[in-house]
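The values are calculated or read from the model by the stated rules, or taken from the named source; none is laboratory data. Fair warning: this is a prediction, and the values are worked out from it, not measured in the lab. Cβ: placed from backbone, ideal geometry, glycine included. Neighbour counts: every protein chain shown.
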Amino acid sequence: MYKFNYDIKKDYPTILAYLKEFKLGNEKVKQLTKKDHLYLNGNKVLINNSLKKGDILTLCLDEDEKIKPFKSHLNIEYEDDNLLIINKGLGLAIHSDGAKYQDNTLSNMVAYYYQKKNLNLPVWYLHRLDFDTTGLIIFVKDPLSMSKLSDELASHKIKRDYLALVSGNYQADEVINKPIGRDRHINGKYRVSPTGKDAITSVKVLKYFKRYTLVRLALQTGRTHQIRVHMAYKGHPLLGDILYGEGTTYIKRYALHSAFLTLNHPISGEEIKLFSKLPLDMKKLVDKGN
C-alpha cells in the first residue's frame, strides 16, 4: 500500500472539498477515502471531516502491479516530493509494450531510482515521448498531483515546446490546423485526414541551413505523431524520419527534442520553467550546418 501525506495550508469545511480542488473524479475519491485509507494527523477519519491549517492528511492507495527495477542512470532536471522531471535519452521507451520493450524502459529505471532512494512510490508518467524523441518528460509521485496535472495537460495549461530539424527550408512561421487520423494502409502510421481528430501545431523558424531548418514547435493538441505528420504534410518531414519522409546520412533517427516545459506546481502553484539543451546528434548538425 502507498501512503501520501499532505500539509494542509488553509481551512476546509470537509476533506472532500480539499480533494475536489485537485480535479479528482468520483471513482478516485472512493479509492482514496475507503475504510482504512484516510487519516488525519495519524487518526482514521471520514470524508466529511473538516480540515484546519497545519493538519496532515494521509491518503492510502492500494498498490498497482509492481514495475521491475532496471539499474541505469537518470538525467534528472527537477525533483521534489511530488514531481520527477527527467531528460530522456535517445532510443528509450517510456513503458513496456509487452513485447519488444519489457524491463529496460524509462519506467523501469525510475522504479530502480525510487528503490535506491527507499521511496515506496508508484511509477506514474504524465505524458509520453516516442522511442526516438529525446527531452523533458514528467513523472508524478502522488495521486492528487497526478489528477491536477492530468487535467491541466488536457486543457493545454502545461506548455511543451519542441526543437526539430526539418528537411528543406521551411518558409515562414505559421499555425498548422489540420486533423489527424490513422493511415488505413500502413499500420502504426498517421496522416492528415478530414475525418481525423483536431490537431494544431505552431511553427516558428529559428535558423536556416542549406538542406534543413531548425524550428520550434508548440502543440495545442496532443495527437499521436502530430509533429511528424504535420511536418510531412507541409513537405518538410523531420530530418531522418523514415516513416514520414526518408533516411539521411546526417542523423540516425528523426530529429525531434522536447526542449521547453512550463507548468504550475500541482501543490504550491509555483511556476516551473525548464529547458533541455539539444542532444549531441542534433547539436552537431546545428553547429556545423549543412
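Key figures for this structure:
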| item | result |
| --- | --- |
| Residue list for the stretch 172-188, filter: surrounded by 13 or more Cβ atoms within 10 Å (Cβ to Cβ) and closer than 29 Å to N290 by Cα | E174, I176 |
| Of all residues in the stretch 56-93 being at pLDDT 95 or above and assigned to a loop (DSSP other than H, G, I, E, B), the one that is surrounded by the most Cβ atoms within 10 Å (Cβ to Cβ) | N82 |
| Flag for Y39 being surrounded by 13 or more Cβ atoms within 10 Å (Cβ to Cβ), of a type outside the set (A, V, I, L, M) and in contact (Cβ under 8 Å) with a residue 24 or more places away in the chain | no |
| Residues located in the stretch 3-42, provided they are hydroxyl-bearing (S, T, Y) and assigned to a loop (DSSP other than H, G, I, E, B) | T14 |
| Matching residues in the stretch 125-141 - criterion: being out of contact with any Ser or Thr (no Cβ under 8 Å at 6 or more places or on another chain) and either closer than 16 Å to I272 by Cβ or without any contact (Cβ under 8 Å) to a residue 60 or more places away in the chain (or both) | H127, R128, F131, I138, F139, V140, K141 |
| Residue selected from the stretch 104-136 under the condition assigned to a loop (DSSP other than H, G, I, E, B) and farther than 30 Å from L239 by Cα, by the criterion farthest from the chain's Cα centre (by Cα) | N118 |
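Here's the yes/no breakdown for (1) touching a Pro at 6+ places or on another chain (Cβ under 8 Å); (2) assigned to a helix (DSSP H, G or I); (3) assigned by TED's automatic domain parsing to the domain that holds Y170; (4) over 21 Å from K159 (Cβ atoms):
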{"site": "I186", "(1), (2), (3), (4)": "no, no, yes, yes"}
{"site": "R191", "(1), (2), (3), (4)": "no, no, yes, yes"}
{"site": "V205", "(1), (2), (3), (4)": "no, no, yes, no"}
{"site": "A232", "(1), (2), (3), (4)": "no, yes, yes, yes"}
{"site": "H236", "(1), (2), (3), (4)": "no, no, yes, yes"}
{"site": "G245", "(1), (2), (3), (4)": "yes, no, yes, yes"}
{"site": "Y250", "(1), (2), (3), (4)": "no, no, yes, yes"}
{"site": "R253", "(1), (2), (3), (4)": "no, no, yes, yes"}
